[in-house]
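> Structure below; questions to follow.
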Amino acid sequence: MDKLARPVRHGMVTAAFHRATPAEPPKRVRILIVGGGYVGLYTALRLQRKLKAELARGEAEIVVVSPDPYMTYQPFLPEAAAGAISPRHVVVPLRRVLDGCRVVIGEVTSVDHAKHTATVATLATEESGRTEQFPYDELVLAPGSISRTLPIPGLADHGIGFKTLEEAIGLRNHVIEQMDIASSTRDPAIRDAALTFVFVGGGFAGVEALGELEDMARYAARYYHNVRPEDMKWILVEATGRILPEVGEEMGRYTVTELRRRNIDVRLETRLESCVDRVAVLSDGARFPTRTVVWTAGVKPHPVLAATDLPLNGRGRLKCTPELSVEGVTHAWAAGDAAAVPDVTAEEPGATTAPNAQHAVRQARVLGDNIVRSLRDQPLETYAHKYVGSVASLGLHKGVAHVYGRKLKGYPAWFMHRTYHLSRVPTFNRKARVLAEWTLAGLFKREIVSLGSLEHPRAEFELAAGGKPSRDPKGSS
């Protein structure tokens, strides 16, 4: 990969937009955005629109470094897992929408802000053994978060995450494969373990994934002559005394009642203590032989934050100002899951905004505007947004919502969930495709096909070529 040109000196950043003469080459300001999620995508979109003239004149450059060439709209992961939305329509291709930016597929491994340099491992690093040094003038740190795991015996070996599109589709394939296993055996122990599904974590990810997949599996059971919905055990394990705290205590209690009405075993104030040998052992003494343990018990900041010389709070998030700049330094910005942004609308002092999509999208707009304002020596804007509520889907035509003080449940909440997220998914292209798929899903039957072999595409050829068969050639089971 070619090296990036050295950026303009920082004392001349603002001048770069104004003082270049026809006899001088334009001084280029390089803005490096780390991460291609909510904050990374929306900030880059804002910048390429606000700096359109400067980009055209070569006075500015926007570089987006992301491990994936797409942004995943995570609220749609449960519906993608249930087969209601095609996986390709849950993601937004970065290169298509960020045509004014340079997109680099890679991982930022460290940041030396004192030298204004980021170290990036690209797809070619594994072969060449060399990382790239990316100099910058303005830094936007938006790497997001990763799953927060605990040292539970067996979790690393048997647990399944639910944070990426690959995990969502892999889980769908896995659930259908377990039904296939149960349908093809007479061994009661194997059958019972295959039809037991344990979800750990009562937040949005866990509840929505469980609700959608249980709905999908119950529908799929009609096509199995010896698998009935009542044969399956769905278990939700939550360490606290409530689930979905974002929708309020009353709606949380309703959700528990709704899930239990569907014969889902909701266990509050309970922890997963072990899943060694594919046996889920809970803190209340219950033991469930199972081939499916889905871990959705929270997230933690991306580890790249610890590999920077920027200030972090006690939870490992970047200390930020209400203007979304990193506290105590210049030319560094952050938002979303990676940032501890003061909540100026909160009554209690020291409160920070919640690390959720609602804040991330709005912060990205303010962040993009403030970078432009900083470059033009204009006053910065303070981020102030009061949390308006949340919506959650519990399966087809089922949901809960608590928005602007109003509480909804059942079909109205489910409809609001779809309407809200359809309005928020980026680009008209994706909105139209998702709406078309929802329309078609209402006219035709659900898809119940497992494509687990996609996870091991070379297994069949390796076997035909005389190689050793894969340990798991047909999927996660």
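> Using Cα pairs closer than 8 Å and at least 6 residues apart in sequence, work out the relative contact order for region 27-147, in percent. List each step's numbers first, then the result.
Numbers: 219 pairs, mean separation 40.0, N = 121.
Relative CO of region 27-147 lands at 33 percent.
> Can you compute log10 of I(q)/I(0) for region 355-413 with the Debye formula, treating each Cα as one identical point scatterer, at q = 0.17, 0.24, 0.27, 0.30 Å⁻¹?
-0.67, -0.93, -1.03, -1.11
> Sorted by accessible area with a 1.4 angstrom probe, largest first, how do Glu323, Glu127, Glu269, Glu54 fall?
Numbers: Glu323 50, Glu127 175, Glu269 135, Glu54 15 Å².
Largest accessible area first, the list is Glu127, Glu269, Glu323, Glu54.
> Moving on to the next point. Among Lys233/Lys445; Lys27/Lys50; Lys233/Lys407; Lys27/Lys115; Lys163/Lys300, which pairs are too far apart, with a Cα-Cα distance over 21 Å? It would help to have the intermediate numbers written out before the result.
Working: Lys233/Lys445 24 Å; Lys27/Lys50 18 Å; Lys233/Lys407 30 Å; Lys27/Lys115 19 Å; Lys163/Lys300 12 Å.
Checking Cα-Cα distances, Lys233/Lys445; Lys233/Lys407 exceed 21 Å.
> Please report the equivalent ellipsoid semi-axes of region 346-477, computed as sqrt(5 x eigenvalue) of the Cα gyration tensor, largest first, in whole Å.
On the way: eigenvalues 341, 132, 54 Å².
Semi-axes (√(5λ), whole Å): 41, 26, 16.
> Based on DSSP loop calls and a cut-off of at most 13 other Cβ atoms within 10 Å, the longest stretch of the chain free of exposed chymotrypsin sites (Phe, Trp or Tyr not before Pro) is what? Don't skip to the end; give the middle numbers.
Numbers: sites that count: Tyr404, Phe444.
For chymotrypsin sites (Phe, Trp or Tyr not before Pro) (loop position, at most 13 other Cβ atoms within 10 Å), the longest site-free span of the chain is 1-403.
> Counting only heavy atoms of protein chains, what accessible area per residue, in Å², does the chain have with a probe of 1.4 Å?
Details: 22490 Å² over 477 residues.
Value returned for the chain: 47 Å² of accessible area per residue.
> On alpha-carbon atoms, Rg over Rh for region 239-338 using Kirkwood Rh? Don't skip to the end; give the middle numbers.
Numbers: Rg = 19.6 Å, Rh = 17.2 Å.
Here the Rg-to-Rh quotient is 1.14.
> Let me ask another. How tilted is helix 204-220 with respect to the longest principal axis of the chain? Cα atoms for both, answer in degrees (0 to 90, nearest 10).
Taking Cα atoms only, the helix is inclined about 40 degrees.
> What percentages make up the Cα-Cα pair-distance distribution of the chain when the bins are 10 Å wide from 0?
4, 18, 27, 25, 16, 7, 2, 0, 0
> While we're here: Can you tell me the dipole magnitude for the chain around its Cα centre, using point charges on the Cβ only (Lys, Arg +1; Asp, Glu -1), in Debye to the nearest 20? Present the calculation step by step, with values, prior to reporting the outcome.
Working: 61 positive and 54 negative charges, 225 e Å.
So the magnitude is around 1080 debye.
> Something else: Using the Cα centre as the reference, give the magnitude of the dipole from point charges on the C-beta atoms of region 71-197 (Lys, Arg: +1; Asp, Glu: -1; all else neutral), rounded to the nearest 20 debye.
Details: 11 positive and 16 negative charges, 48 e Å.
Result for region 71-197 is approximately 240 debye, rounded to the nearest 20.
> Modelling each spin label as a point 7 Å along the Cα-to-Cβ direction, I'd like the Glu126/Leu422 distance in nm, to one decimal.
Result: 4.0 nm between the two label points.
> Any idea which of His113, Pro75, Tyr420 is furthest toward the positive side of the dipole for the chain, if Lys and Arg beta-carbons carry +1 and Asp and Glu beta-carbons -1?
The one lying farthest along the dipole's positive direction is Tyr420.
> Quick one: Kirkwood hydrodynamic radius for region 162-260, alpha-carbon pairs, angstrom, one decimal?
Numbers: mean 1/r = 0.0691 Å⁻¹.
Taking every pair of different Cα atoms in region 162-260, averaging 1/r and inverting gives 14.5 Å.
> What's the center-to-center distance, using Cα atoms, between region 183-213 and region 348-399 in Å?
The distance from the Cα centre of region 183-213 to that of region 348-399 comes to 35 Å.
> Can I ask one more? Give me the percent of the accessible area of region 274-351 that comes from carbon and sulfur atoms, probe 1.4 Å, all protein chains in place. Each step should come with its number before you reach the end.
Numbers: 1720 of 3390 Å².
About 51 percent, which is the carbon plus sulfur part of the accessible surface.
> Pairwise over distinct Cα atoms, reciprocal of the mean inverse distance: report the Kirkwood radius of region 180-231 in Å, one decimal place.
Working: mean 1/r = 0.0832 Å⁻¹.
Over region 180-231, the inverse of the mean reciprocal pair distance is 12.0 Å.
> In nm, what is the difference between 0.36 nm times the number of residues separating Phe415 and Ala436 and their Cα-Cα distance? If you can, show how the numbers build up before the last one.
Working: separation 21, 0.36 × 21 = 7.56 nm, distance 1.55 nm.
This chain segment gains 6.0 nm when fully extended.
> Calculate, for Val403 and Ala156, the FRET efficiency according to 1/(1 + (r/R0)^6) with r their C-beta to C-beta distance and R0 30 Å; round to the nearest 0.05.
Details: r = 38 Å, r/R0 = 1.27.
Taking R0 as 30 Å, the efficiency between Val403 and Ala156 is 0.20.
> Once you put a point 7 Å from the Cα of Lys300 and another 7 Å from the Cα of Asp277, both along the Cβ direction, what distance in nm separates them?
2.9 nm
> Let me ask something additional. Counting residues in region 397-456 as N, plug N into 2.2 N^0.38 Å and put the Cα Rg over that result. It would help to have the intermediate numbers written out before the result.
On the way: Rg = 15.1 Å, N = 60, 2.2 N^0.38 = 10.4 Å.
Rounded to two decimals, the normalised Rg is 1.45.
> How are the Cα pair distances of region 272-426 distributed, in percent, across 5 Å bins from 0?
Here the calculated profile for region 272-426 is 2, 8, 13, 13, 14, 13, 13, 11, 7, 3, 1, 1, 0.
> Still on this structure: How large a share of the accessible area of region 99-238, in percent, is made up of carbon and sulfur atoms when the probe is 1.4 Å and the other protein chains stay in place?
Numbers: 2980 of 5690 Å².
Within region 99-238, the accessible surface is 52 percent carbon and sulfur.
> Hey, got the dipole for region 247-325? About the Cα centre, +1 on K and R Cβ, -1 on D and E Cβ, debye to the nearest 20? Can you show the working numbers first?
Numbers: 13 positive and 10 negative charges, 49 e Å.
The calculation lands at about 240 debye.
The values are calculated or read from the model by the stated rules, or taken from the named source; none is laboratory data. All figures in this text were calculated on a predicted structure; none of them were measured in a lab. As a convention, Cβ positions derive from the backbone with ideal geometry for all residues, glycine included, and neighbour counts pool all protein chains shown. Keep in mind that these areas ignore ligands, DNA and RNA; they rest on the heavy atoms of the full protein, side chains included. Shrake-Rupley method; radii C 1.70, N 1.55, O 1.52, S 1.80 Å.
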